[in-house]
Each structure stands twice: as C-alpha cells, then as structure tokens.
Amino acid sequence: MTNQDPQTPEDREAEKQARREAREAAIAAAPLAVVHVESTGIHPSTSRMVSLTIMTLSPEGEIVDEFFEIFNPGGDTGPRHLHGITAEEFEQAHTVERYLRRINTLLDGRTVIMHNVPRTWGFVLGETRSALRALQRRQRSRNRNRRGRRRVGRPPRPVALIDTLASARRLGLPLEDTRVRAVARELGIPSPSPVASVERALLSAEVVSRETAEIIADIYDAEAARGELATYDPTSLRADRFGLQRSAVRVDAMEASAATENPGAFTPGKPLQPGMEFVVSPDIAVDPDEVISSGIAAGLTYNEKITRQTSLLVCNRTSVLRGKAMHADRKGIPLVSDADFLALCK
C-alpha cells in the first residue's frame, strides 16, 4: 500500500475556494431565513428557548430547507400553554449545543426574518452563546494538560435582520393584537385566529411552529409589497438588561444617567425643557432610534418604562389606548406624536 502524497498549500487553498463558492451558491439559492422561537417566558435573561424553527427561502419565496428542534433546558420548562411541548418531548430532547453547527449553516450570510427581533434574536443569540460557553468549559476540562486551544464555534452571523412586527407598526397598522396571526389578519392574509383553541392545543408543537413560521413569511411578503421594512444590522444590536437585542442607541440611552433635573410634565403648546423624561411607545411610524437620538440631543432623558416622573410619551395612538399609551393616559402624562416630537426637538 502506498501513502497518499500530502496536500500542497495550493491544494488546500483550492479546497477552501471550492467550499466558499459552494457556500455562496447555497446562499444565492436561499438568501432568506424565517426564524420562530418558543420559550419558557418573555425575557431571554430569565427564560429559556425551548424550540427553534428555521425555514430558508429562495428569492421567489419557496421553502428550500427546514429545521425544527425541541431543546431540553435542564430545569424549569415553563407552562405548556406557552410552547405546546410535552414533558415526554422534553425528556427526549437534546440541548442547543448539539445543533450549533446546523443553526449557523442555516443563518450565516442570510437575511433573517423574525416577528419581534429584540425578543427572538435575543433568545437565539443568548442561547447559542450560552451553549458555546458550556462547550468551552468542557473543552478546557478535557484539555487541561494539553497545549493549545481548539476553537469550539461561534454564534450565527446573518447579514441582516428584518422585523415583521416593527414593519407593521411603521406601516401604521392599528394593531390591537401584536401576535403573528393577528398581524397577518390585519394585513388581509388568511390566518387562523390568534386566540387559543382546543383544536390548536391538540396539534404538535412542530406543526404549530411550522405554521407560525409560514405565516411570518407571508407577512414579510405583504409588508415588502407595501413599503419599507424594519431592517437591522446584527452588529449594531446588543442586549439590554432583559436580554432583549436592542439598538446600541436605545441601550446607551437606557443606561445613561440624567444630566439635568427633571422639570416635570410637558405642557402641550410649550417648548421642551432639558431634563424632561420621555418614553417611546411602539405605536409610532418612524424608526424609534431617530426619536430617541433626537430627544437625547435636545437634552432630554430617556426611560423605557412609564413612571409618575415621565414628562411625555411619544405615541401616535390617541384612541383605543393600550400598553404604554393606556398607562400614560391614566397617569395624566401627555401623548405627543412622533412628528410633533421631532419638530419640538429641533
């Protein structure tokens, strides 16, 4: 038996180039990926991702590849009505670590579509980073007496994130319910009721999650046909104290200390005063970062939550109040539209 000749540097470079070209061709064939997660709670910092659905799409919107897995969080699995996963399914499930390479293959280099990017991307990024730390700890334990370090992986690297919920708000849709199926109905897309039902409860978690991902894809198509999509550079986002992936502009504003004492509530018809505390509702049509940046530049203080010290709420909704608008109205806090607020900040 003869030994094979060792690869030359040219051979190795040719192999790398072939892999790059194959990867580029795969992304060109399916440049989009729809992502949906189920979790044990609302915030990534205090909850766990228990299932992940990914569908890659062709430029024409056809499904090219699919992924669905249930993850065992190794502890509290949360209420079943949140995710539809049974105790038996959790017992048979693996952790996220097992699927890191597959997740990266599906998301790297693609434009990823999600409904509520801060929460969804917060869970995906938080869980993959946590899985990597666990792998690194095990590797250090195994290689304690060995030289050198071996790379265990990295979080996924999409090129852009599109938020179908934020896009719906920028289109000015009157969203009384922000869940996927409710937004789809508001856009005229045939969709099951967002209200929980016995029929849906009898379906498997995989069937419901796949249906949700397909509806998110339909919402994306409808919004893309109507106007501008809310698109984010993943590298410009970072986790807030709840683990939600927010813009650096927003997180910096949340963490900044007040430079001036709050003079009190805003009086409509009068100018803004330095130190006034403002909150931004999701119910606005412009990019929230523009509103927050303008307020900070005008000497105001940003807060994420309505309190009795809030001077004003930036909100375009003045009827059927809900969420922040409802709380502000109950506390007698003025509501100012995004256009009026930007004008006042000049």
Does Arg140 qualify as being at pLDDT 95 or above, in a helix (DSSP H, G or I) and of a type in the set (Lys, Arg)? no
Look at region 257-283 and say how many of its residues are free of Cβ contacts under 8 Å to residues at least 60 places away in the same chain and farther than 30 Å from Thr164 by Cβ. 15
Given the criteria crowded, with 21+ Cβ neighbours inside 10 Å and of a type outside the set (Lys, Arg), does Met326 qualify? no
Tell me whether region 222-243 contains one or more residues that are of a type in the set (A, V, I, L, M), under 27 Å from Glu304 (Cβ atoms) and touching an Asp or Glu at 6+ places or on another chain (Cβ under 7 Å). yes
Residue that is surrounded by the fewest Cβ atoms within 10 Å (Cβ to Cβ) [pool: residues in region 157-201 that are within 21 Å of the chain's Cα centre (by Cα) and β-branched (Val, Ile, Thr)]: Val159
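Evaluate the following for Phe242: is it in contact with a Phe, Trp or Tyr (Cβ under 8 Å, 6 or more places away or on another chain), within 29 Å of Asp329 (Cβ to Cβ) and among the aromatic types (Phe, Trp, Tyr)? Can you show your working first?
Numbers: in contact with a Phe, Trp or Tyr (Cβ under 8 Å, 6 or more places away or on another chain): no; within 29 Å of Asp329 (Cβ to Cβ): yes; among the aromatic types (Phe, Trp, Tyr): yes.
In short, no.
Identify, from the list Thr111, Thr86, the residue that is hydroxyl-bearing (Ser, Thr, Tyr) and within 26 Å of Leu237 (Cβ to Cβ).
Among Thr111, Thr86, only Thr111 is hydroxyl-bearing (Ser, Thr, Tyr) and within 26 Å of Leu237 (Cβ to Cβ).
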With the condition kept exactly as written, say whether any residue in region 128-146 is surrounded by fewer than 14 Cβ atoms within 10 Å (Cβ to Cβ), touching a strand residue (DSSP E or B) at 6+ places or on another chain (Cβ under 9 Å) and either charged (D, E, K, R) or in contact (Cβ under 8 Å) with a residue 24 or more places away in the chain (or both). no
Could you check, for region 58-72, whether at least one of its residues is among the polar types (S, T, N, Q), assigned to a helix (DSSP H, G or I), modelled with pLDDT of 95 or more and over 17 Å from the mean Cα position of the chain (by Cα)? no
Go through (1) loosely packed, with under 14 Cβ neighbours inside 10 Å; (2) within 25 Å of Ala325 (Cβ to Cβ) one by one and return the number of the condition Thr235 breaks. (2)
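Which residues, counting only those in region 239-269, are among the charged types (D, E, K, R), surrounded by fewer than 18 Cβ atoms within 10 Å (Cβ to Cβ) and closer than 16 Å to Ser293 by Cβ? Step through it out loud before you land on a result.
Our first condition is that a residue be among the charged types (D, E, K, R); within region 239-269, this holds for 240-241, 246, 250, 252, 255, 261.
Adding the requirement that they be surrounded by fewer than 18 Cβ atoms within 10 Å (Cβ to Cβ) leaves 241, 252, 255, 261.
Scanning region 239-269 gives Asp252, Glu255.
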Do we find a residue being more than 27 Å from the chain's Cα centre (by Cα), polar (S, T, N, Q) and modelled with pLDDT of 95 or more anywhere in region 311-320? yes
Leading residue by the ranking (farthest from Ala205 (Cα to Cα)) among those in region 64-94 that are acidic (Asp, Glu) and either out of contact with any Leu (no Cβ under 8 Å at 6 or more places or on another chain) or outside the structural domain of Leu52 (by TED's automatic domain parsing) (or both): Asp76
Selection from region 218-231 of residues part of a helix (DSSP H, G or I) and either among the basic types (Lys, Arg) or out of contact with any Gly (no Cβ under 7 Å at 6 or more places or on another chain) (or both) yields Asp218, Ile219, Tyr220, Ala222, Glu223, Ala224, Ala225, Arg226
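Can you tell me how many residues within region 45-102 are acidic (Asp, Glu) and surrounded by 17 or more Cβ atoms within 10 Å (Cβ to Cβ)?
3
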Among the candidates Pro282, Pro263, residue that is under 30 Å from Arg129 (Cα atoms), in a loop (DSSP other than H, G, I, E, B) and not assigned by TED's automatic domain parsing to the domain that holds Asp177: Pro282
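Residue by residue, here is whether (1) modelled with pLDDT under 95; (2) outside any helix (DSSP H, G or I); (3) not aromatic (Phe, Trp, Tyr) holds:
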residue	(1), (2), (3)
Ala25	yes, no, yes
Glu38	no, yes, yes
Ser47	no, yes, yes
Ser51	no, yes, yes
Thr56	no, yes, yes
Gly74	yes, yes, yes
Thr77	yes, yes, yes
Leu106	no, no, yes
Ile113	no, yes, yes
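Restrict the check to region 326-333 and report whether at least one residue is outside any helix (DSSP H, G or I), farther than 18 Å from Ala285 by Cα, in the same structural domain as Thr260 (by TED's automatic domain parsing) and touching a helix residue (DSSP H, G or I) at 6+ places or on another chain (Cβ under 9 Å).
Taking every residue of region 326-333 in turn, at least one turns out to be outside any helix (DSSP H, G or I), farther than 18 Å from Ala285 by Cα, in the same structural domain as Thr260 (by TED's automatic domain parsing) and touching a helix residue (DSSP H, G or I) at 6+ places or on another chain (Cβ under 9 Å).
The values are calculated or read from the model by the stated rules, or taken from the named source; none is laboratory data. Since this is a predicted model, take the numbers as computed values, not measurements. Positions of Cβ are generated from backbone atoms using ideal geometry, with glycine treated the same way; all protein chains shown enter the neighbour counts.
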